[in-house]
C-alpha cells in the first residue's frame, strides 16, 4: 500500500518544553491507525501540528491524494489543509450549538463551494443551484451517519453520542480522504461506543477513508486498528500491530500497565 500521510522528524516546542521530539509516522491508504499514549504525551499536539493549528518548529508533513503527487502541507493554514483532503474532529465537542444539525453539516461543505461574496449577495442561478446541492449532500451525510431524524433539531439538544457523530458528519462534509478523530469515544456509554466502532469500520470500508484516531479506550483501539503508534513524553516509543503493541515491554511500562484487562 502507498503512504497517504507521511510525517518525518516532527518537532514542536512550547518555550522550554519539547512537546514533540522528532516524531515519524507513516499511514497507508485504507488503514485504521491509532495514536496512543499517556495524557500529555503529545497526541493532540501532533494532530494540531499536521492540521495547521500549530506551526511545528521542524519536520516534514506530506499527504498524497490517491492517484496524484504528494503535497507538502507543513505551514499551511487549517482551512488549506482541509481543502487538500484532511479533516478532523476535536477532543472537546466544537459544534455550532445554536444552529440546526443540518446547518452544522452544511458549514463543513463550505470549503467545496465556489460562490464568493458577490454571488451570495446577487444569488444568480448557479449560486442557488449550488446551495440546493449543498443541502442535498449534507442531508445524505446525515442519513449515512444515522442522524437524519435530528435534521432540524438544534445541535445543543442532541444526546451526547449524537453530538459526537455530528462532529464526524461535519468532517465528512469537507469530502476528505484522510479523517483524524481525536478521542471520538470520550464520554460515550458502552452502547454508543459499539455504534462508534461500527461507524468507523463503515467509514473505512464504504467511504474509502483512511483513518487516524487518538483514543484511550484500549478495547476500541485494539479491535479497530491495523497499526498502532505509541508516544510518550513527545517521543514515539513503538509502532506495530495490536498484538505487537500489547506485548511490547516499553508500551506496557509507559502506558498499558500489567493489568490483564488490556489483553
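All of the numbers you see were taken from the coordinates with simple rules; none came from a lab. In this text the structure is predicted, and so the values were computed from the model without any measurement. FYI the Cβ positions are ideal-geometry reconstructions off the backbone, even for glycines, and counts take in every protein chain you see.
Legend: calculated FRET efficiency, residue 18 to residue 175, from the Cβ-Cβ distance at R0 = 45 Å, rounded to 0.05, equals 0.80.
Cut-off 10 angstrom, C-alpha nodes, Gaussian network model of the chain. Which of 18, 144, 132 fluctuates the most? So, out of 18, 144, 132, the one fluctuating most is 132.
All C-alpha pair distances within the chain, sorted into 5 Å bins from zero, spread as 1, 6, 13, 16, 18, 17, 13, 9, 5, 2, 1, 0, 0 percent across the bins.
Report the relative contact order of the stretch 146-263, percent, no decimals, based on alpha-carbon pairs under 8 angstrom and at least 6 residues apart. Could you put the intermediate results ahead of the total?
Numbers: 100 pairs, mean separation 20.1, N = 118.
Across the stretch 146-263, relative contact order equals 17 percent.
Helix 125-145 versus the longest principal axis of the chain: what angle, 0 to 90°, nearest 10, using Cα atoms? Its long axis makes an angle of about 40 degrees. Counted residue by residue at 0.36 nm each, then reduced by the alpha carbon distance between them, the extension gain from residue 250 to residue 111 reaches 45.8 nm.
Based on DSSP H runs of at least 4 residues, each adding -39500 (n - 2.57), what is the mean residue ellipticity at 222 nm of the chain after dividing by all its residues, to the nearest 500 deg cm²/dmol? Display every interim value, and only then the final one.
Numbers: 9 runs with 93 residues, N = 263.
Result for the chain: -10500 deg cm²/dmol, rounded to the nearest 500.
The simple spin-label model puts a point 7 Å past each Cα toward its Cβ; for residue 216 and residue 144 those points are separated by 3.0 nm.
How much length, in nm to one decimal, is gained on full extension between residue 154 and residue 92, taken as 0.36 nm per residue of separation minus their Cα-Cα distance?
Working: separation 62, 0.36 × 62 = 22.32 nm, distance 1.82 nm.
This chain segment gains 20.5 nm when fully extended.
Go ahead and collect, in residue order, the members of the stretch 187-206 whose backbone nitrogen is under 19 Å from a label point 7 Å along the Cα-Cβ direction of residue 71. No residue passes the distance filter.
For the chain, the longest principal axis of the alpha carbon atoms and the long axis of helix 190-206 meet at an angle near 70°. Each peptide in 61-70, 182-191 was scored by the mean count of other Cβ atoms within 10 Å over its residues; highest first, the order is 182-191, 61-70. Take the stretch 188-263, compute every pairwise Cα distance, and split them into 5 Å bins from 0; I just need the percent in each bin. Bins of 5 Å from zero give 3, 14, 25, 23, 17, 13, 5, 1 percent of pairs. When only C-alpha pairs under 8 Å and at least 6 residues apart count, what is the relative contact order of the chain, in percent? Here the relative contact order equals 26 percent. Taking the alpha carbon gyration tensor of the stretch 127-263, multiplying each eigenvalue by 5 and rooting it gives semi-axes of 34, 16, 12 Å, largest first.
Entry note: the stretch 41-88 has Rg to Rh equal to 0.96, where both radii use alpha-carbon atoms and Rh is the Kirkwood radius. With the simple spin-label model, which puts each label point 7 Å out from Cα in the Cβ direction, the residue 26 to residue 226 separation comes to 1.4 nm.
Please work out the Cα center distance from the stretch 14-64 to the stretch 158-211, rounded to the nearest Å. First find each Cα centre; the distance between them is then 20 Å.
Beta-bridge orientation, the chain: approximately 60 percent antiparallel, per DSSP, counting only bridges with both partners inside.
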